[in-house]
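Shown next, in structure tokens, is the structure this report addresses.
The values are calculated or read from the model by the stated rules, or taken from the named source; none is laboratory data. Quick caveat, the model's predicted, so the values are computed rather than measured. Note that each Cβ is placed from the backbone with ideal geometry, even for glycine, and that neighbours are counted across all protein chains shown.
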Ligand SMILES: [Zn+2]
């Protein structure tokens, strides 16, 4: 049995129809309207677009159903570098400045 594999070059190119940014907003609104109408009519909706993104290949805009990639957090300077004391000292300072008093709840 011959298995046909998709390769990057055999995939249809999104760049055949690059959009302008202003069109993306309208297209996303229309997709949301279509989904909303489908929900009301209790029918399936194939619209999945949730955001637009600028294409690095064509410079135009495309729609995507994928959520935006999260920003990757990188390690920074440890917070203790910005405080003179430990956590307890910081809490005491905040309490003194804000007028809060210590003790157990009444
Ligand atoms: Zn493109």
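Some observations on this one:
- A single member of 59, 99 is on the phi > 0 side of the Ramachandran plot and either modelled with pLDDT of 80 or more or in contact with a strand residue (DSSP E or B) (Cβ under 9 Å, 6 or more places away or on another chain) (or both), and it is 59.
- Close contacts from segment 11-22, counting a first residue that is under 13 Å from residue 64 (Cα atoms) and more than 9 Å from the ligand (Cβ to nearest atom) and a second that is modelled with pLDDT of 80 or more and assigned to a helix (DSSP H, G or I), with Cβ to Cβ under 6 Å and a gap of 6+ residues or different chains, come to none at all.
- Conditions (1) modelled with pLDDT under 90; (2) surrounded by 10 or more Cβ atoms within 10 Å (Cβ to Cβ); number of the one not met by residue 77: (2)
- Residue list for segment 36-50, restricted to those being within 21 Å of the chain's Cα centre (by Cα) and surrounded by 13 or more Cβ atoms within 10 Å (Cβ to Cβ): 47, 49, 50
- Yes/no for residue 45 being within 16 Å of the ligand (Cβ to nearest atom) and modelled with pLDDT of 85 or more: no
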